Protein chains: 2
Amino acid sequence: MAFSTPWARNCARTNSKNRPMDEIERRGRHDIHGETDIIRNIFAPLAKEVEGAFGLIDDAALVTAAPGEELVLTADMLVAGVHFLPHGAPVDTGYKALGVNVSDLIAKGADPAGYLLSIALSGKPDIAWLNGLKEGLAEAQADFGCLLTGGDTVSTPGPLCLSVTAFGRIPTGKMVMRSGARPGDRVYVTGTIGDAAAGLKILQSRPDGAGDALGEADRAFLLSRYRRPRPQPVLAPILRAHASGAMDISDGLAGDFAKLCAASECGGAIDAARVPLSGPAQKAMDAGVVSLEELLCGGDDYEALASVPDDHCAAFENEVNAAGLHTVKIGMIDDGNQVSVLDETGNRMLFSRPGFDHF
Amino acid sequence: MAFSTPWARNCARTNSKNRPMDEIERRGRHDIHGETDIIRNIFAPLAKEVEGAFGLIDDAALVTAAPGEELVLTADMLVAGVHFLPHGAPVDTGYKALGVNVSDLIAKGADPAGYLLSIALSGKPDIAWLNGLKEGLAEAQADFGCLLTGGDTVSTPGPLCLSVTAFGRIPTGKMVMRSGARPGDRVYVTGTIGDAAAGLKILQSRPDGAGDALGEADRAFLLSRYRRPRPQPVLAPILRAHASGAMDISDGLAGDFAKLCAASECGGAIDAARVPLSGPAQKAMDAGVVSLEELLCGGDDYEALASVPDDHCAAFENEVNAAGLHTVKIGMIDDGNQVSVLDETGNRMLFSRPGFDHF
């Protein structure tokens, strides 16, 4: 039995004055050796450029919003064996833990800024694993512009658990709501859909090799899409300028589209044939590795799903393309009661499980 | 294998227009029945007065800082069997999860405002347990003025895990740092020290009954102090007005005092005889239930430890007393190299374990 031990509670005297430690301090340092080392060597370097993180030696972080700016906060928890493969590379786990949170911020039109990371470690800390985690977080920080600002580290008798709370900045009043879609708005997705679902299918089917029908490069692409969500910060200002409603696609396009419509109290339809698939995902489907339903309902895409009013569509498309990204119009919001995914003949597709649920 | 499922991703169409659900929506609702119910019935009511929480149906929360105001963020993670007794009352678990976070905010001089809660549930949700958790969170919200603003709910094969990120508001530049103590400052604690450590000792010694030497009322007091941290929001403005440095006492007074001195690059000494003990804690020590070392090093106090410049001491004491709370001057910060706890004869006390560490 014990109690919470934020990083900041485990600081030890800095040696800047090169003074001997006192008795309590030395004993304290000995007792907290492992935890202090983790904070100092693994996490503090990730926070070193953040003024309000205080080198992770205080109890809390300080965040300032500029005049005319609001903060968007989002939280995602990842459990080993549930959200990532327990024996996967820690560098990917670190990257994904930050990526899935940044994905929410971007879909709301917020510019990623910082995050707090709480981690429950199983048993004695594995320094090699933690260094891998640190590397993945550092890569994600560089890609997303979202820096470690605080957190907590504890032990658990259960599987490793990572809890990230990320925050982003947005001009006042500009957050893109899930409830903002309106009849007549066009429905867009960014990037390609279903790659991660295909990647997970390949991972799960090994070593019997359902993915062996694919070439190595295609497999690697799909696995990478599962392991490393790549939300695009450059989308945030474009979404807040043009989207009436948006969310990220994490639990499957079909189910998430239904949620967007539900929150907006609208109906809507998307054409399955218009949903952008990558070459490797198309090949995986053609080879029978994965079904169209699995691509549309599998989740882990971490692309943006947005409703865009008709008079913003051209600007939206142009700005996304100018940013070097892709977006495709896949459907429309209407004032009906139905949310549909239509096949190439215009018939509604029925899915056994349009989205993921934990329970 | 799956992926993150924030509360907001599990909204379903509101029935305000009393329309039939569409096919996907109905199937989606059926699939996510458990999770949707948890969000709607357990968590959404806790967020209903928070404008930026959007009823927990969006992907993120919106937080605004007034001009001249900064946000203080802190994170604490609690694991069943590590931070709270797995078979303890869920109402206490909920109260404590918020209380330990609010304690950090108050010690920094910040007024508690809101929190995000991520929860990993073991197996199928136990609705009775979740209702207890909700009740405890609601009581803590009322006591601390800190309201649910967002979060995430996932499943885990391991023990229950709660991760709270709380935020508070503070006038710009007024955060009370752990590193702010200066030689000559007086050292104060609020409330009484060691009650929770004695309470935990009693809990752990049952059913063989180490606590039976105490009366029922004393036992109940000490257990309550372990189960329900009671940081006092009224202290926040007093600390930011008068304290040069502060932190909350969570890992034991002796070790936390060493950390305050370390962060401030100062020495310091506290007199053990001046450390305020409650009547029940004094009795527990007299009866041999708990030692002085355990009271001073046990942790879970969630009281404030502050350094106060000499010319602020009278005002600090007066304002704390006027707020109906207690504070005691227990020592002083100096420019030496030692951090000491002195016994009644002025000798340094030595502790086998001045504070808690996870590893």
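The values are calculated or read from the model by the stated rules, or taken from the named source; none is laboratory data. None of the values given here were measured: they were computed from a predicted structure. A quick note on method: Cβ atoms are made from the backbone with ideal geometry, for glycine too, and the neighbour counts reach across all protein chains shown.
Data overview
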quantity: Within the stretch B:169-185, considering residues that are basic (Lys, Arg) and surrounded by fewer than 21 Cβ atoms within 10 Å (Cβ to Cβ), the one farthest from B:Ile330 (Cα to Cα); calculated: B:Arg169
quantity: Selection status of B:Asp334, more than 13 Å from chain A (Cβ to nearest Cβ), surrounded by fewer than 24 Cβ atoms within 10 Å (Cβ to Cβ) and in contact (Cβ under 8 Å) with a residue 24 or more places away in the chain; calculated: no
quantity: From the options A:Gly255, A:Gly215, residue that is in the same structural domain as A:Val290 (by TED's automatic domain parsing) and in contact with a Pro (Cβ under 7 Å, 6 or more places away or on another chain); calculated: A:Gly255
quantity: Lone qualifier among A:Pro125, A:Pro157 - being in the same structural domain as A:Leu46 (by TED's automatic domain parsing), under 20 Å from A:Asp92 (Cβ atoms) and more than 15 Å from the chain's Cα centre (by Cα); calculated: A:Pro125
quantity: Positions within the stretch A:291-300 being farther than 18 Å from A:Thr190 by Cβ and away from chain B (no Cβ under 14 Å), in sequence order; calculated: A:Ser291, A:Leu292
quantity: Residues being outside any loop (DSSP other than H, G, I, E, B) and surrounded by fewer than 17 Cβ atoms within 10 Å (Cβ to Cβ) - total across the stretch B:267-311; calculated: 7
quantity: Selection count where residues are at the interface with another protein chain (Cβ under 10 Å from one of its Cβ atoms), in contact (Cβ under 8 Å) with a residue 60 or more places away in the chain and surrounded by fewer than 23 Cβ atoms within 10 Å (Cβ to Cβ), scope the stretch B:42-67; calculated: 3
quantity: Any hit, the stretch B:92-113, residues being more than 13 Å from the chain's Cα centre (by Cα), assigned to a strand (DSSP E or B) and of a type in the set (Asp, Glu); calculated: yes
quantity: B:Asp143 being without any contact (Cβ under 8 Å) to a residue 12 or more places away in the chain and of a type outside the set (A, V, I, L, M, F, W, C); calculated: no
quantity: Failed criterion for A:Val275 (all others in (1) within 14 Å of chain B (Cβ to nearest Cβ); (2) within 22 Å of the chain's Cα centre (by Cα); (3) at negative phi hold); calculated: (1)
quantity: Yes/no for A:Gly151 being at pLDDT 95 or above, at positive phi, assigned by TED's automatic domain parsing to the domain that holds A:Val100 and touching a Pro at 6+ places or on another chain (Cβ under 8 Å); calculated: no
quantity: Selection status of B:Ala241, part of a helix (DSSP H, G or I), of a type outside the set (Val, Ile, Thr), over 29 Å from B:Val72 (Cβ atoms) and modelled with pLDDT of 95 or more; calculated: no
